[in-house]
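Below is one structure, written out as structure tokens; the observations come after it.
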Amino acid sequence: MTTNVLILCTHNSARSVLSEGMLNHLARQSGRDVRAYSAGSSPSGRINPFALEVLSNAGVDVGDFRSKSWDEFVGENAPEMRVVITVCDSAAEEECPYWPGSPVKVHWGYPDPSNTEGGDEKKRQAFELTRQAIAYRMLQLLALPLDTLSNAELQGHLNRISRS
């Protein structure tokens, strides 16, 4: 059974997209039945080009990414999530919708690479470092026996990963 993971950030333009891309890419590479989605409470309507660039450079297919609202994941036809991860502090503080299936929720915060000062090379480096930090946590998530963990056990593991 597929483990669905929803990754949230306010604008769904950088950190949540990096997370969706890396989790899906790493899950495919490791043969894990995990599917990531990303969304935002106030989607910007565009993906940051640096996010697409660093994902593409890491071997991730970026053809289908789009900035979308978390409202797409609360309807009756939405996939049922096992895990909901917030990756920006503002999204973690927002009142989230009711997620069908009562998924496990965790906050894995990352500084916003979009706010990096300096030229394109500094921004590119910030995006790449954020992508690497996200990939590290996603690898830890994929190492868990997701099919056999109770929600309480999964919550404990995800909380520990948040401190790494």
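The values are calculated or read from the model by the stated rules, or taken from the named source; none is laboratory data. These figures come from a predicted structure and were not determined experimentally. No Cβ is skipped: glycine too gets one built from the backbone with ideal geometry, and neighbour counts run over all protein chains shown.
Scanning segment 37-52 for residues that are under 13 Å from Thr130 (Cβ atoms) and of a type in the set (Lys, Arg) turns up nothing. Among the residues of segment 27-34, some residue qualifies, meaning at least one is over 10 Å from the mean Cα position of the chain (by Cα), β-branched (Val, Ile, Thr), crowded, with 18+ Cβ neighbours inside 10 Å and modelled with pLDDT of 95 or more. Residues that are surrounded by fewer than 17 Cβ atoms within 10 Å (Cβ to Cβ), polar (S, T, N, Q) and modelled with pLDDT of 95 or more do not occur anywhere in segment 108-116. Among the residues of segment 143-159, is there at least one that is more than 22 Å from Val83 (Cβ to Cβ), surrounded by fewer than 17 Cβ atoms within 10 Å (Cβ to Cβ) and among the charged types (D, E, K, R)? For segment 143-159, residues more than 22 Å from Val83 (Cβ to Cβ), surrounded by fewer than 17 Cβ atoms within 10 Å (Cβ to Cβ) and among the charged types (D, E, K, R): absent.
Yes or no: segment 42-60 includes at least one residue that is within 15 Å of the chain's Cα centre (by Cα) and at pLDDT below 95. Yes, some residue in segment 42-60 is within 15 Å of the chain's Cα centre (by Cα) and at pLDDT below 95. Each residue in segment 33-62 was checked for being among the polar types (S, T, N, Q), within 21 Å of Lys122 (Cα to Cα) and in contact with a Phe, Trp or Tyr (Cβ under 9 Å, 6 or more places away or on another chain), and 1 pass.
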